[in-house]
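**Q** I have a structure here, written as structure tokens, and I will follow up with some questions on it.
The values are calculated or read from the model by the stated rules, or taken from the named source; none is laboratory data. All values derive from a computational prediction rather than experimental measurement. Because the Cβ atoms are built from the backbone with ideal geometry, glycine has one as well, and the counts that use them run over all protein chains shown. The area values use the complete protein model at the heavy-atom level, side chains included, leaving out ligands, DNA and RNA. Shrake-Rupley method; radii C 1.70, N 1.55, O 1.52, S 1.80 Å.
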Amino acid sequence: MKYKVLLSDGTVGTIYMDNLNEQLASDFIGKVVRVKLYDEVGHHIEREGTLVEFLDVYSD
């Protein structure tokens, strides 16, 4: 599973279930997390920020 999330700075990225160490996704609201996303030219990057909201859930 992967989660599309919103960080406090407005960044939207993806968190993968493997990175949650068997914890509930909701446990991470308000905590600093690392998300994966793509920059304006399509390069894969990672960003850290405070998790505000889960926007969507996807099955692999």
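**Q** Starting from the 7 Å offset along Cα-to-Cβ, what nm value, one decimal, do you get for the label separation of Ser8 and Asp39?
**A** 2.5
**Q** Compute the semi-axes of the equivalent ellipsoid of the chain, taking the square root of 5 times each eigenvalue of the Cα gyration tensor, and list them largest first in whole Å.
**A** 18, 14, 10
**Q** A further question on this structure: List the trypsin sites (Lys or Arg not before Pro) in the chain that DSSP assigns to loop (not H, G, I, E or B) and whose Cβ has at most 11 other Cβ atoms within 10 Å. Which are they?
**A** Here the sparse-neighbourhood loop sites are Lys31.
**Q** Right, another one. So, for the range 1-41, what is the accessible surface per residue at a probe of 1.4 Å, expressed in square angstrom?
**A** Solvent-accessible surface per residue comes out at 69 Å².
**Q** Suppose a student asked you for the relative contact order of the chain, using Cα pairs under 8 Å spaced at least 6 residues apart; what percent would you report?
**A** 46
**Q** DSSP loop GluC sites (Glu not before Pro) in the chain with at most 14 other Cβ atoms within 10 Å of their Cβ, which ones?
**A** Counting only loop positions with at most 14 other Cβ atoms within 10 Å, the GluC sites (Glu not before Pro) in the chain are Glu22, Glu40.
**Q** Taking the Cα centre of the chain as origin, work out the dipole magnitude from +1 charges on Lys and Arg Cβ and -1 charges on Asp and Glu Cβ, in debye rounded to 20.
**A** About 40 debye.
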